[in-house]
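Structure record follows, encoded as structure tokens.
We did not get these values from a lab; they are worked out from the coordinates using the rules stated. These numbers come from a predicted model, not from an experiment. Here the Cβ positions follow ideal geometry from the backbone for every residue, glycine too, while neighbour counts run over all protein chains shown.
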Amino acid sequence: MYLETPRLILREFRDADFNALLEMDSRPETARYEPQKGADGVRAYLEGAARAALVEPRRHYRFAVTIRPGGTARGLVGLAMNFDMTRDWEIGWMVHPDEWGKGYASEAALRVLEFAFHDLNAHRVIAFCDAENRASERMMQKLGMRREAHMLQTRLLRGEWRDELLYAILESEWVAAQA
Ligand SMILES: CC(C)(COP(=O)(O)OP(=O)(O)OC[C@H]1O[C@@H](n2cnc3c(N)ncnc32)[C@H](O)[C@@H]1OP(=O)(O)O)[C@@H](O)C(=O)NCCC(=O)NCCS
């Protein structure tokens with residue numbers, strides 16, 4: 001399973017991505033608003049990605065973001081089904097700090113959103129971010145998502161209660177934006 005964009009190839013994670021993912025996850029910049037996985041967490045993440053690929057119908061995708069012609073994982077986009085009855089999915093992302101500001105994160109996430117609505121028949125896709133994570137919030141806005149909530153103290157990050165934003169886009173909004 002893979003997805004393409006003009007500059008990127010999004011593919012399934014594999015065990016060989018361990019070092020690239022750990023290096024990205026260990027950078028202080030990526031951990032500013034998110035917990036660090038550490039080596040055990042990265043291993044568990046890759047095991048989860050492999051397990052998810054075996055479930056039919058598929059409910060969870062973990063895409064490695066690679067820059068053409070491909071190879072090393074320089075980011076990730078996750079897409080998981082929250083509720084099957086309402087066809088409600090959740091998207092999330094991370095890009096290696098050395099690649100920030102190049103639009104790769106938005107390009108990858110836009111392709112995954114398209115995949116969710118076009119191929120998975122999603123009714124709604126949501127995303128959460130730390131209320132101070134401006135880059136992630138801006139991405140949500142660029143993707144056409146609407147802010148639905150500012151939730152108070154729903155995250156516990158390194159012992160500190162933090163607020164969180166909920167953004168969403170409906171299939172009808174996606175279709176209207178494409179027209
Ligand atoms: C969120 C993340 C993927 C964005 O990566 P990126 O390389 O900046 O993404 P893009 O280049 O596609 O840019 C996204 C938009 O955010 C804007 N942006 C980036 N950093 C910003 C900041 N600190 N403040 C405000 N806007 C910012 C960019 O300018 C761009 O908007 P524009 O096209 O209108 O100029 C990256 O910051 C990241 O990996 N963060 C760590 C992991 C993380 O927090 N993930 C989110 C979990 S919810």
Karplus (6.51, -1.76, 1.60) ³J(HN,Hα), θ = phi - 60°, over segment 27-35, in Hz, Gly and Pro reported as x
6, x, 4, 6, 8, 4, 10, 9, x
Amide N proximity, segment 128-146 versus T86 label position 7 Å along Cα-to-Cβ, cut-off under 17 Å:
128, 146
Lys/Arg +1, Asp/Glu -1 at C-beta; the chain dipole; positive extreme among M1, A108, Y61
A108
Computed over segment 23-153, the relative contact order (Cα-Cα under 8 Å, seq sep at least six) in percent reads 18
Taking the inverse of the average 1/r across all pairs of different Cα atoms in the chain, what Kirkwood radius in Å do you get?
16.7
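Residue separation times 0.36 nm, minus the C-alpha to C-alpha distance between R158 and D40: what's the value? Walk me through the numbers on the way to the answer.
Numbers: separation 118, 0.36 × 118 = 42.48 nm, distance 1.74 nm.
Between R158 and D40, full extension yields 40.7 nm more.
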What FRET efficiency, computed as 1/(1 + (r/R0)^6) with R0 = 45 Å and r the Cβ-Cβ distance, is obtained for H150 and A16, rounded to the nearest 0.05?
0.70
